[in-house]
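Some notes on the structure that comes next.
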Amino acid sequence: MALPRPLVLGNWKMNGLRADGLTLAGRLAERAVKLSGTLGVFPPATLLAQVAQRLVGTGIMVGGQDCHEKPSGAHTGSIAAPMLRDAGAGAVILGHSERRHGLGEDDALVQAKTRAALAAGLTAIVCIGETEEEYAGGRTLDVLERQIAGSLPLDLFTRGAKADSLVIAYEPVWAIGTGRTPSLDEIGRTHTRLAEMLGPRIEGDLPPLLYGGSVKPDNAADIMAIAHVDGALVGGASLDADGFWRIYTAGGGA
Ligand code: PGA
């Protein structure tokens, strides 16, 4: 089933002890009386089960921030997609720039993880985006084309599988956590090109396309009003329940 728009997903990254995470989840639960869009939180793995438990019945999506490409085995420190699912997750973020660039994950690995997530019944939130140097060199679209071809299991979709468990987040690496964003025009052009790149490669409806990178309550409405921007992936501003909820409503969510 298609995910209702807007999709506003909060990546908590490596933030939050138990008390913080449960308080934040509780504050969102109070606001989420009857969600018209898709609101999601991606707590650190240590909090996943408890946050998922706290949010049962609210309709708020809960997900992991990464998974291993194998379903089980001798992989110290890693978490498999079925384990996320078992902990109460319905989704997982894959290929975030902090993993691609901080931990050296390449497109092939992101694709393997995406397959594992889909096989476990999770919605895969696959992140793509250019570095500052690639942006400055005018190579953004080439990079996105390469990441789409390399990171997504496109063969599944060209063979008729529906892309309803897939979400793509365009996050310019240089906009993450910096307070800088591309202009609205640039975001619009990039998302239009993304839709054009994905169209011939995916049967049926396009997956939702999110923008991520320094989305805040005061720029969220403008960004989410752009054509082919179906929502936002939010980092820092998702740690404050009030601000995160304002981003969601700015995108048209109630
Ligand atoms: P930011 O992070 O909102 O703090 O820029 C976005 C992200 O990493 O998804």
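Here, each number is a calculation from the coordinates, and none is a lab measurement. None of the values given here were measured: they were computed from a predicted structure. Quick reminder, even Gly has a Cβ in these numbers, built from the backbone with ideal geometry, and neighbours come from all protein chains shown.
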Would you compute, for the Cα atoms of the range 176-249, the largest minus smallest coordinate along each principal axis and list the three values in descending order, in whole Å?
39, 23, 19
Would you work out if the chain is rounded, prolate or oblate? Take a ≥ b ≥ c from the square roots of the eigenvalues of the alpha-carbon gyration tensor; rounded if a/c is under 1.5, else prolate when a/b is larger than b/c, oblate otherwise.
rounded
Excluding same-chain pairs closer than 8 in sequence, count the lysine pairs in the chain whose Cα atoms lie under 27 Å apart.
9
With a 10 Å cut-off between alpha carbons and a GNM built on the chain, which of PRO200, PRO182, PRO82 moves the most?
PRO200
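On average, how much area does the Cα convex hull of the range 113-154 cover when viewed from any direction, in nm²?
About 3.1 nm², averaged over all directions.
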So, in Å, what gap is there between the alpha-carbon centers of the range 108-157 and the range 54-93?
19 Å
Once you have the Cα-Cα distance between THR192 and GLU133, take 0.36 nm times their residue separation minus that, and quote the gain in nm to one decimal.
19.0 nm
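Estimate the FRET efficiency between THR158 and ASP242 by the formula 1/(1 + (r/R0)^6), using the beta-carbon distance for r and 35 Å for R0, to the nearest 0.05.
The formula returns an efficiency of 0.25 here.
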What ratio of Cα Rg to 2.2 N^0.38 Å holds for the range 5-156?
1.09
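What does the helix-only formula give at 222 nm for the chain: each DSSP H stretch with n ≥ 4 adding -39500 (n - 2.57), the total divided by the residues, and the result rounded to the nearest 500 deg cm²/dmol?
Details: 11 runs with 99 residues, N = 254.
The helix-only estimate for the chain comes to -11000 deg cm²/dmol at 222 nm.
Mean separation of Cα pairs under 8 Å and 6+ residues apart, divided by the residue count of the chain: what relative contact order is that in percent? Before the final figure, lay out the partial values.
Values: 526 pairs, mean separation 54.4, N = 254.
Rounded, it is 21 percent for the chain.
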Starting at the first residue of the range 246-254, write each ³J(HN,Hα) from the Karplus equation 6.51 cos²θ - 1.76 cosθ + 1.60 with θ = phi - 60°, in whole Hz, x for Gly and Pro.
5, 4, 4, 6, 4, x, x, x, 9
Neighbour-count order for SER151, SER36, fewest beta carbons within 10 angstrom listed first
SER36, SER151
Per-residue HN-Hα couplings for the range 128-138 [Karplus 6.51, -1.76, 1.60; θ = phi - 60°; Hz; x = Gly/Pro]:
9, x, 8, 7, 4, 5, 5, 4, 4, x, x
Between HIS228, HIS101, HIS75, where does the largest GNM mean-square fluctuation fall for the chain, given springs only between Cα atoms within less than 10 Å?
HIS75
For the range 179-190, just list the computed ³J(HN,Hα) in residue order, Karplus coefficients 6.51, -1.76 and 1.60, θ = phi - 60°, integers in Hz, with x standing in for Gly and Pro.
x, 9, 9, x, 5, 4, 4, 5, 4, x, 5, 5
For the range 1-90, compute the orientation-averaged projected area of the C-alpha convex hull (one quarter of its surface), in nm².
6.2 nm²
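Using a 10 Å cut-off on Cβ atoms, rank the peptides 205-217, 137-149 from the highest mean neighbour count down.
Order by mean packing, descending: 205-217, 137-149.
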